[in-house]
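The values are calculated or read from the model by the stated rules, or taken from the named source; none is laboratory data. What you see is a predicted model; the values in this text were computed from it and never measured. So basically every Cβ, Gly included, is an ideal-geometry build from the backbone, and we count neighbours across all protein chains shown. Areas reflect the complete protein model, heavy atoms only, side chains present, ligands, DNA and RNA absent. Shrake-Rupley method; radii C 1.70, N 1.55, O 1.52, S 1.80 Å.
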Amino acid sequence: MRQSPLFSPLTIGSMTLVNRITVPPMCQYQAKDGVPTTWHHVHYGKLAGSGASMVCIEAVGVAEKGRITIGCLGLWKDEQIEPFAEVIKTMRAINPDIKVMVQLNHSGRKGSHDVQWGKGFLTPEEGGWEVKAPSAISAGSAYPVPAVMTKEDIELVIEDYAAAAARAQAAGVDAIQLHAAHGYLMHQFLSPISNCRDDEFGGCLENRMRVPLRVFEAMKKAAPKVVLGVRVSATDWIDGGWDESDTIAFVNALKPLGCDFVDVSTGGTAEQQKVPVAYGYQLKHARLIKDACGLVTFGVGLIKDVRQAESAIVEEACDAVGIGRQMLLDPHWGWRAALELGVDVEFPPSYRRGMHL
């Protein structure tokens, strides 16, 4: 049988993946009061048996008012720990080798929405909440102008992230990803497009990085037993916005704090972004961050074809690929990749007969 770099193991901190195929976080909007439902058991159990080595559970709100939508998952209270643990148990029952990561997030000015297929922004009278952000700048026509976060608000958010990280560790995850991308709160502090503060949390790059770095440090202290990394938007795709050089500075500042990996995406700050979407369009950014920072790097962004995914590893654009949309369409993508590449991997015996069709 052929050997493929896509199916070689990868060590990240104290965790070793059996191959370089991962499933990135993808919101499902099926939670009830932040708690997983039957949907999540089936969805994540299915992805655990996809042939991927690691699955990242979708954006999880660190505060009730930090969710993106009313249908998003949360870890803002202890009562949510056990339901999360049950989903993880389901995943490991399907695949004992699967590694489980969770993405912790605060939506900031992009919160208080109905589910993706719903009506959009919700007022407090409609079940939503007041949104807060670093500055009183709207994310676009579909969003309101947020209230400006006070220093007390900022301290509370840092505590919320730390508490959610501790709950994720208690639920049994192998890794946690801090969401500092796609225009959510940590990205809002980082980008000069969304952060126009004139205190120690705004202005120069060092100041704009201050809150995300403090959040990461607090999470690391609260959840010392898990692998901890970050998802970044390498560029805002907006002139004068957050860019690759800023990203490199941020990731390098995270390294001494114990950051084990970086997941490189792009965009999401504001609607004036001009994103040149194409297959694998973000891999060049992953390569740039990987070469400059030396951390284990995940590449994502319309990676669809098996040979395309293998090439990303062979050409060292990234250390692992995130297969998102294609996993929704083809939840056995990893197994199919092994068959297509002629790689001998362990298939669940109940499904082995499908190899011979």
Would you mind checking the tilt of helix 38-48 against the longest principal axis of the Cα atoms of the chain, expressed as 0 to 90 degrees and rounded to 10? 50 degrees
Using the Cα centre of the chain as origin and beta-carbon charges of +1 (Lys, Arg) and -1 (Asp, Glu), tell me which of PRO36, ASN195, PRO9 is placed farthest towards the positive end of the dipole. PRO9
Indicate, rounded to the nearest 5 percent, the antiparallel portion of the DSSP beta bridges found entirely in region 8-104. 30 percent
In debye, nearest 20, what is the charge dipole magnitude of region 1-100 about its Cα centre with +1 on Lys and Arg Cβ and -1 on Asp and Glu Cβ, if you could check? 380 debye
In debye to the nearest 20, the charge dipole size for region 174-259, taken about the Cα centre with +1 at each Lys and Arg Cβ and -1 at each Asp and Glu Cβ, equals 520 debye
For the chain, the charge dipole (Cβ of Lys, Arg +1; Cβ of Asp, Glu -1; about the Cα centre) points to a positive end, and the Cα of ALA309, TYR184, LEU283 closest to that extreme belongs to ALA309
Explain nothing, just the number: dipole magnitude of the chain about its Cα centre with +1 on each Lys and Arg Cβ and -1 on each Asp and Glu Cβ, in debye rounded to the nearest 20. 800 debye
If I build a Gaussian network model for the chain, linking alpha-carbon pairs within less than 10 angstrom, which residue out of LEU73, LEU156, LEU254 has the largest mean-square fluctuation? LEU156
Principal-axis tilt of helix 244-254 within the chain, Cα atoms, nearest 10 degrees: 80 degrees
Choose one answer from ALA171, ALA222, ALA292: the residue with the largest mean-square fluctuation in a GNM of the chain with alpha-carbon springs under 10 Å. ALA292
Calculated FRET value between TRP39 and ASP199, using beta carbons and R₀ = 35 Å, to 0.05: 0.25
How far apart, in nm, are two points set 7 Å out from the Cα along the Cα-to-Cβ line at ALA93 and at LYS221? 3.8 nm
For the chain, what does the accessible surface come to per residue with a 1.4 Å probe? Please give it in Å². 41 Å²
May I ask you to give the percent of accessible area on the chain that is carbon plus sulfur, with a probe radius of 1.4 Å? 52 percent
Counting DSSP beta bridges with both ends in the chain, the antiparallel % (nearest 5): 10 percent
Top positive-direction residue, dipole computed over the chain with Cβ charges, set THR69, TRP237, ALA93: ALA93
Please work out the Cα center distance from region 6-53 to region 284-313, rounded to the nearest Å. 18 Å
GluC sites (Glu not before Pro) within region 92-166: DSSP coil, no more than 15 neighbouring Cβ in 10 Å: GLU130
From the Cα gyration tensor of region 177-238, with a ≥ b ≥ c the square roots of its eigenvalues, which class applies: rounded if a/c is under 1.5, or else prolate if a/b is larger than b/c, or else oblate? oblate
Under the Karplus curve 6.51 cos²θ - 1.76 cosθ + 1.60, θ = phi - 60°, whole-Hz ³J(HN,Hα) for region 216-222, x wherever Gly or Pro sits: 4, 4, 5, 5, 4, 5, 6
In a Gaussian network model over the chain where Cα atoms closer than 10 Å are linked, find which of ALA170, ALA133, ALA48 has the largest mean-square fluctuation. ALA170
Checking region 235-300 for chymotrypsin sites (Phe, Trp or Tyr not before Pro) in a loop per DSSP with at most 16 other beta-carbon atoms within 10 Å yields TYR279, TYR281
So what's the angle, to the nearest 10 degrees on a 0 to 90 scale, between helix 81-94 and the longest Cα principal axis of the chain? 20 degrees
